[in-house]
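The values are calculated or read from the model by the stated rules, or taken from the named source; none is laboratory data. What you see is a predicted model, and the numbers here were worked out from it, not measured in a lab. Positions of Cβ are generated from backbone atoms using ideal geometry, with glycine treated the same way; all protein chains shown enter the neighbour counts. Calculation scope for accessible area: heavy atoms of the full protein, side chains included, ligands and nucleic acids excluded. Shrake-Rupley method; radii C 1.70, N 1.55, O 1.52, S 1.80 Å.
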Amino acid sequence: MSFPWAKQYEPTNPLMKYLDEKLPLPRLVYNAVGAGYPVPRNLSYMWNFGVLAGFCLVLQIVTGVVLAMHYAANDAVAFDSVEHIMRDVNWGWLMRYAHANGASFFFIVIYLHIFRGFYYSSYKAPREMIWLIGVVIFLLTMATAFMGYVLPWGQMSFWGAKVITGLFGAIPLVGESIQVWLLGGYAPDNAALNRFFSLHFLLPFVIAGVVILHIWALHIPGSSNPTGVEVKSESDTLPFHPYYTAKDGLGLAVFLIFYAAFVFFMPNALGHPDNYIPANPLSTPALIVPEWYFYPFYAILRAFTFDFILPAQLWGVLAMFASILVWFFLPWLDKSPVRSGRYRPLFRKFFWVLMVDMAVLFYCGGAHAEEPYIMISQIATAYYFLHFLVILPIISSIEKPEPLPFSITEAVLGSDEKAAQGDSAGTAA
Amino acid sequence: MATTTDTADTVVAEDGVRRRDFIEIAAVATAGVGGIFTLIPLISQMSMSKDVLADSTTELDISALEPGQSIKAIFRKQPVFVRNLTQAEIDAANAVDVDDLRDAESLADRTLEGHENILVVMGVCTHLGCVPLGAAQGEIKGEFGGYFCPCHGSHYDTAARIRKGPAPTNLEVPEYTFTSDTTIVIG
Amino acid sequence: MIRLVGILVGLGFTFVVLLAFGSGALTVMGQGYFVEETAEHAFHEEAHMPAEGYSFDGLMPSWDLAQLQRGYQVYKEVCSACHGLNQIAFRNLDELGYTEAEVKAEAANWVVPGINQDTGEATTRPGLPTDYFPDPYANDIMAAAANNNAIPPDLSLMTKARHNGTAYVYSLLTGYQEPSAELAERFPDSVPGPGLYHNPYFANLNLAMAPPLTTDGQVTYADGTEATVDQMATDVAAFLTWTAEPSLVDRVRLGWIVMGFLIFATILAWLAKKQVWAKAKRKD
């Protein structure tokens, strides 16, 4: 499952030898994230975000388990129990702010990880399975985050739960039954809160399991790299440890600076003031928006305002789900033989258009549902679907890629003695 | 390639730890220190929260407590018994030779000076923590006229000292003070 | 095949969303403006801090205990008639610099719901330090009935439950004014009706709360500070900032320690990374 030149785990300590015979867990770690995993030597800092996402998952599980020790999932006391955590529990404010901002930073990291995948076409064969599992992780994380946001039982929690479960209500015929079944009531109340808490506790462990599959699948072909040229020889790789542990360590330290700045200096900047008002089924906040990380998809949901065969509401729901599901098909929509955006001039331009497009959707998703934001988000939504479903397949057929380097070694060091014998001596990055 | 990774493992014996190794060790050690400090909030969040700590004293008005009567109150989420002893109960307690007891304490040891008739004890059997009977009217007071624990048959006398049964020590007397003749503050 | 289906689906969604765009654009062109301007758009003003600022605002925050005590006094003598403070217990007042005995005496000044120990009936008793501030109304219906159908919100978290909350409280309390002639002319519906008061800092400009701080000297401060309306509003906004987040000062102070550590750790991690990678940069 790895390159033939991968270093082998050879314990010298008798205890480790014994352990290796009976339970080769150290060997597993050694081969997964240790010296036994050869990694392309040219990974940029954009490759840090996988490890950071793993860190965020652990961070959320640890702080989440702590919060669950003090939180009470009951609609009568949930809000007060959160305030109890903030005021009375030792370090409770730190735990809660670390968890709330941890969710936001988890999404920042995941988005950068995904956008890295877009730019370098990390979804392409032989890494389709890694990508598919990754999209599953993203969906699970969105579900978990949504349910977590309901737990404080503030105004945004309540109305968020109502609006999001209302999406299912848009399904013809069975929608209303599904919505009532999801909530266990006509509107979000104690039953919904309790089940969301249960699932919010369960899903992170499911995510952790799927993350293991993600990493397992990664170790079959090995990591991709910024040139998109596959590893050819030992000189193309470096052992994960110490090279990438050191690099990820630096990435983690920088990440923590940004994270701590939010936790300690502006812990509520990414939240919404209305969630400090207890849930009130009789009064809707002036502006109902989800957490910021859902804004682009929320904008897509709201962009459909016109009944065409199907009701506009249903179009919105379909489009919102489709906007993520389309990622599942990327490996087959983009048929270009070249992976990296570095060598794909046309693709690269459209990638940046997509980034701007998603930024526009992000902005519109957080704005009031009024003109001109709706019209802007309609244009942006149109581009979003055109990009993935129309532009990507077409440019992958018509584009003339720039010449690729012969190997990773050549890209890094400027020359590769094997390249002299080969035919391709393209420009190095 | 072979030479690129070996340096990390190489120990240079002559001049001990070299500078480059020192930086790597320092970085890992710093991460370790950070990890240890992170444990502080993770561990101390489980100790008593401020509201629990604030609830750690109980104030009782015993002006209505007649001799022979007891009241049950709650102190730190556990029952506490306050009994106004009759003269007969005081005499019975004082008649016992303290040295013969499992847990040698006299009634005077277990009450406050000037208020020898007011016995304040935790309603928690020292055996396994059940609540003994005898504080409420009509409850069995056990063979020695004090408290009786129905779980495993511990009998306490009128000074709430263990006299018979498995309990190892007398019912615990919490810390308390009289803030006036009729008011006690426990804790 | 997948690509063909994909292109069709993509064109389908694009077509529908562009239809929606077209109908929206027609509407906009028909009416000649994007959004009809409302009184809120035109007359709402952004909240601002008092001119002298706050000790807890900024990168090196601290509580001005005297100010918090004055703010508490304003809450107690003015706000508490209608607004609760249900996340705060009397014991928390020790953080404002009161001694244990003072906290106990202060708690006893308040009347909290209790239970008659003989009959079990609901009654009232003096507060204990462990009690929470009592709500002024037994329930929402009573609150609404007493206040022209507007329920006075609990103030514990007010400064976190509004955008830029401390400034909001200060601005709202000092911002009552007569609606301008322009407002009356352009938006006659937004002129406050009976029982409503114009305030440009309130979301919809019309507030059911009568101006609570009206005259200088309305509160006689225990520390002798002159109780101007501006001073009282400043102080009570500070007090409500504390009630919303008592950990604010500790949080920022700890933050600097954490930041210092992380910057140190980052420099070390950077040096270590450089050391490790120096080995890879050497040609084999």
Odd one out for A:Thr245 among (1) surrounded by 21 or more Cβ atoms within 10 Å (Cβ to Cβ); (2) in a helix (DSSP H, G or I): (1)
Count of segment C:76-106 residues which are closer than 30 Å to C:Asn148 by Cβ and open to solvent by 60 Å² or more (accessible area, probe 1.4 Å): 4
From the options C:Ala184, C:Ala167, residue that is in a helix (DSSP H, G or I), over 30 Å from A:Leu238 (Cβ atoms) and modelled with pLDDT under 90: C:Ala184
Selection within segment B:45-65 - open to solvent by less than 80 Å² (accessible area, probe 1.4 Å), facing chain A (nearest Cβ under 9 Å) and charged (D, E, K, R): B:Asp51
Enumeration of residues in segment C:107-125 that are within 14 Å of another protein chain (Cβ to nearest Cβ), assigned to a strand (DSSP E or B) and surrounded by 14 or more Cβ atoms within 10 Å (Cβ to Cβ): C:Gly114, C:Arg125
Complete set of residues in segment C:255-267 that are at the interface with chain A (Cβ under 8 Å from one of its Cβ atoms) and more than 29 Å from C:Ser156 (Cα to Cα): C:Met259, C:Leu262, C:Ile263, C:Ala265, C:Thr266
Sole residue being away from chain C (no Cβ under 14 Å), open to solvent by 10 Å² or more (accessible area, probe 1.4 Å) and closer than 18 Å to A:Ser323 by Cβ, chosen from A:Tyr363, A:Tyr383: A:Tyr363
Filter result for C:Ile267 (at pLDDT 95 or above, surrounded by fewer than 16 Cβ atoms within 10 Å (Cβ to Cβ), out of contact with any Phe, Trp or Tyr (no Cβ under 7 Å at 6 or more places or on another chain) and closer than 19 Å to C:Ser62 by Cα): no
From the options A:Ala191, A:Ala187, A:Ala100, residue that is open to solvent by 20 Å² or more (accessible area, probe 1.4 Å) and assigned to a loop (DSSP other than H, G, I, E, B): A:Ala187
Segment C:132-141, residues that are open to solvent by less than 60 Å² (accessible area, probe 1.4 Å) and either in contact with a helix residue (DSSP H, G or I) (Cβ under 6 Å, 6 or more places away or on another chain) or free of Cβ contacts under 8 Å to residues at least 12 places away in the same chain (or both): C:Tyr137
Selected residue (criterion: modelled with the lowest pLDDT) from residues of segment A:275-287 that are more than 7 Å from every other protein chain (Cβ to nearest Cβ) and crowded, with 17+ Cβ neighbours inside 10 Å: A:Pro285
Positions within segment C:137-155 being under 22 Å from the mean Cα position of the chain (by Cα), under 20 Å from C:Thr124 (Cα atoms) and part of a loop (DSSP other than H, G, I, E, B), in sequence order: C:Tyr137
Residue check, C:Pro152 under 29 Å from A:Gly271 (Cβ atoms), more than 14 Å from chain A (Cβ to nearest Cβ) and either of a type in the set (A, V, I, L, M) or crowded, with 17+ Cβ neighbours inside 10 Å (or both): no
Residue that is farthest from B:Gly146 (Cα to Cα), among those in segment B:69-78 that are open to solvent by 30 Å² or more (accessible area, probe 1.4 Å) and in contact with a strand residue (DSSP E or B) (Cβ under 9 Å, 6 or more places away or on another chain): B:Arg76
Helices (runs of 4 or more DSSP H) (entirely within segment C:1-106) containing at least 2 residues that are touching a residue at least 12 places away in the same chain (Cβ under 8 Å): C:39-43, C:65-77
Selected residue (criterion: farthest from A:Leu270 (Cα to Cα)) from residues of segment A:77-97 that are touching a residue at least 12 places away in the same chain (Cβ under 8 Å) and open to solvent by 40 Å² or more (accessible area, probe 1.4 Å): A:His84
Pairs, first touching a residue at least 40 places away in the same chain (Cβ under 8 Å) in segment B:157-168, second open to solvent by less than 10 Å² (accessible area, probe 1.4 Å) and among the basic types (Lys, Arg), C-beta under 9 Å, six or more apart: B:Thr158/B:Arg83; B:Ala159/B:Arg110; B:Ala160/B:Arg83; B:Ala160/B:Arg110; B:Arg161/B:Arg110
Residue in segment B:80-87 that is modelled with pLDDT of 90 or more, out of contact with any Pro (no Cβ under 7 Å at 6 or more places or on another chain) and open to solvent by 30 Å² or more (accessible area, probe 1.4 Å) present: yes
Failed item in (1) in contact with a Phe, Trp or Tyr (Cβ under 6 Å, 6 or more places away or on another chain); (2) more than 9 Å from every other protein chain (Cβ to nearest Cβ), with A:Trp315 passing the rest: (2)
Verdict on A:Phe350 being facing chain C (nearest Cβ under 10 Å) and part of a helix (DSSP H, G or I): no
Answer residue from segment C:218-254, given it is surrounded by 20 or more Cβ atoms within 10 Å (Cβ to Cβ) and among the small types (Gly, Ala, Ser) and is nearest to the other protein chains (Cβ to nearest Cβ) among those: C:Ala244
Filter result (closer than 19 Å to C:Asp64 by Cα and among the polar types (S, T, N, Q)) within segment C:195-227: C:Thr220, C:Thr225
Options A:Thr63, A:Thr12; residue that is under 21 Å from A:Phe146 (Cβ atoms) and of a type in the set (Ser, Thr, Tyr): A:Thr63
Every residue from segment A:230-242 that is open to solvent by 20 Å² or more (accessible area, probe 1.4 Å) and of a type in the set (Ser, Thr, Tyr): A:Ser235
Qualifying residue in segment A:13-35 (condition: open to solvent by less than 30 Å² (accessible area, probe 1.4 Å) and of a type in the set (Lys, Arg)): no
Odd one out for A:Trp352, checked against (1) open to solvent by less than 40 Å² (accessible area, probe 1.4 Å); (2) more than 15 Å from A:Phe297 (Cα to Cα); (3) hydrophobic (A, V, I, L, M, F, W, C); (4) at pLDDT 95 or above: (1)
